[in-house]
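J.: Take a look at this one; I'll ask things after.
Bear in mind these aren't lab numbers, they're just calculated from the coordinates by the rules spelled out. Predicted, not measured: the structure shown is a model, and the values here were computed from it. Here the Cβ positions follow ideal geometry from the backbone for every residue, glycine too, while neighbour counts run over all protein chains shown.
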Amino acid sequence: MVSSDDFVLPQEYSLHFGYPSVTDYLDLRSATGLSPKTPSQAAAISTGSWFGCYITFDTGHGSEIIGMGRVIGDGGWYFHIADMAVHPRHQKKGLGDIVLKVLLQRINQEAPNDGKPYISLFADEAGKRLYFKNGFVEAAPGQLGMVLKS
Ligand SMILES: CC(C)(COP(=O)(O)OP(=O)(O)OC[C@H]1O[C@@H](n2cnc3c(N)ncnc32)[C@H](O)[C@@H]1OP(=O)(O)O)[C@@H](O)C(=O)NCCC(=O)NCCS
């Protein structure tokens, strides 16, 4: 079983399994330029996700949540990575890479080993290189990602 101690983070940073509070989640989405969500929408991340992790930064006077990622899935074969976010002040230190690797390790450890997990995500421009480096490929032309028009 993967443990948060398996990953070495830069000093002052700590890795945790689980999810940020609703307030921290909404603040982190806002700080990273992700689309705003409501508190009721955010309340479901801790109950509706399959696995998540987040990173805290020790400010010297306390700690604040500066990064996260989560997996929505059935635990069997279908896993979708969502909410990859690292606060702009803490980007480009390898933290996003650690979050992604933690999520992937958990999936690979927990998913049944008699078949391959299907792991998907929608990549924003900022995350593309990170995802390519970690083995993701574009689904097109074989498949086309789609969202329902709102
Ligand atoms: C995408 C995102 C999560 C990446 O987080 P991050 O912590 O900056 O990611 P990393 O630090 O692991 O990698 C980013 C870059 O920093 C580089 N880097 C890592 N450690 C470094 C260091 N110590 N010094 C300098 N550069 C470093 C990496 O090589 C990588 O470079 P590349 O983009 O040229 O390949 C972050 O940019 C983000 O939150 N963006 C806004 C929200 C968003 O768009 N999320 C994605 C939704 S799909």
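J.: If you take the beta carbon distance between Glu64 and Glu125 as r and set R0 to 35 Å, what does 1/(1 + (r/R0)^6) give as a FRET efficiency, to the nearest 0.05? Numbers along the way, then the final one.
T.: Numbers: r = 26 Å, r/R0 = 0.74.
With a Förster radius of 35 Å, E is 0.85.
J.: Separate question: Which trypsin sites (Lys or Arg not before Pro) from region 37-105 combine a DSSP loop assignment with at most 10 other Cβ atoms within 10 Å? Write down the numbers at each step before the final one.
T.: Values: sites: Lys37, Arg70, Arg89, Lys92, Lys93, Lys101; in loops: Lys37, Lys92, Lys93.
Within region 37-105, the qualifying trypsin sites (Lys or Arg not before Pro) (loop, at most 10 other Cβ atoms within 10 Å) are Lys92.
J.: Right, here's the next one. Roughly what angle does helix 95-110 make with the longest principal axis of the chain, taking Cα atoms, 0 to 90 degrees, to the nearest 10?
T.: Once rounded, the angle reads 50 degrees.
J.: Please list, ordered by chain and number, the residues whose modelled amide H lies under 5 Å from the amide H of Ser63; skip anything fewer than 5 residues away on the same chain.
T.: Sorted by chain and number, the residues that satisfy this come to none at all.
J.: I'd like the Kirkwood hydrodynamic radius of the chain, using the inverse of the mean 1/r over distinct C-alpha pairs, in Å.
T.: On the way: mean 1/r = 0.0618 Å⁻¹.
It is 16.2 Å.
J.: Report, to the nearest 10°, how far helix 22-31 tilts away from the longest principal axis of the Cα atoms in the chain, using its own Cα long axis and a range of 0 to 90°.
T.: That works out to roughly 80 degrees.
J.: Straight-line reach from Lys92: which lysines fall under 18 Å, measuring Cα to Cα and dropping same-chain residues less than 8 apart?
T.: Lys101, Lys128, Lys133
J.: A further question follows. Over the chain, what relative contact order in percent results from Cα pairs under 8 Å that are six or more residues apart? Don't skip to the answer; put the middle values down first.
T.: Details: 211 pairs, mean separation 30.2, N = 150.
Computed value for the chain: 20 percent relative contact order.
J.: As a test of the formula, what do you get for the chain when each DSSP H run with n ≥ 4 contributes -39,500 (n - 2.57) and the sum is divided by the residue count, at 222 nm and rounded to the nearest 500 deg cm²/dmol?
T.: Numbers: 5 runs with 41 residues, N = 150.
Computed mean residue ellipticity for the chain: -7500 deg cm²/dmol.
J.: In nanometres, what is the gap between the two model label sites at Val8 and Val137, each 7 Å from Cα along Cα-to-Cβ?
T.: In this crude spin-label approximation the distance works out to 3.2 nm.
J.: Still on this structure: When Lys and Arg each count +1 and Asp and Glu each count -1, what net charge do the other residues less than 15 Å away from Tyr78, Cβ to Cβ, add up to?
T.: Working: positive: Arg70, Arg106, Lys116; negative: Asp74, Glu110.
So the surrounding residues net to +1.
J.: Right, something else. Check each of the chymotrypsin sites (Phe, Trp or Tyr not before Pro) in region 23-95 and keep only those in coil by DSSP with at most 16 other C-beta atoms within 10 angstrom; list them in order. If you can, show how the numbers build up before the last one.
T.: Numbers: sites: Tyr25, Trp50, Phe51, Tyr54, Phe57, Trp77, Tyr78, Phe79; in loops: Trp50, Trp77.
Qualifying residues, ordered by number: Trp77.
J.: If the reach is capped at under 19 angstrom between alpha carbons, list the lysines near Lys37, excluding any in the same chain fewer than eight residues apart.
T.: Leaving aside lysines fewer than 8 places away in the same chain, those within reach of Lys37 are Lys149.
J.: Answer with one residue from Leu26, Ile81, Cys53: the one whose Cα lies farthest towards the positive end of the charge dipole of region 4-133, charges on Cβ with Lys, Arg +1 and Asp, Glu -1.
T.: Result: Ile81.
J.: Please return the longest range in the chain lying between exposed loop sites, taking GluC sites (Glu not before Pro), DSSP loop only, at most 15 other beta-carbon atoms within 10 Å, and leaving the sites out.
T.: Values: sites that count: Glu12, Glu138.
That gives 13-137 as the longest site-free run.
J.: Here's something else I'd like to know. How far apart, in nm, are two points set 7 Å out from the Cα along the Cα-to-Cβ line at Asp114 and at Leu144?
T.: The modelled label-to-label distance comes out at 3.7 nm.
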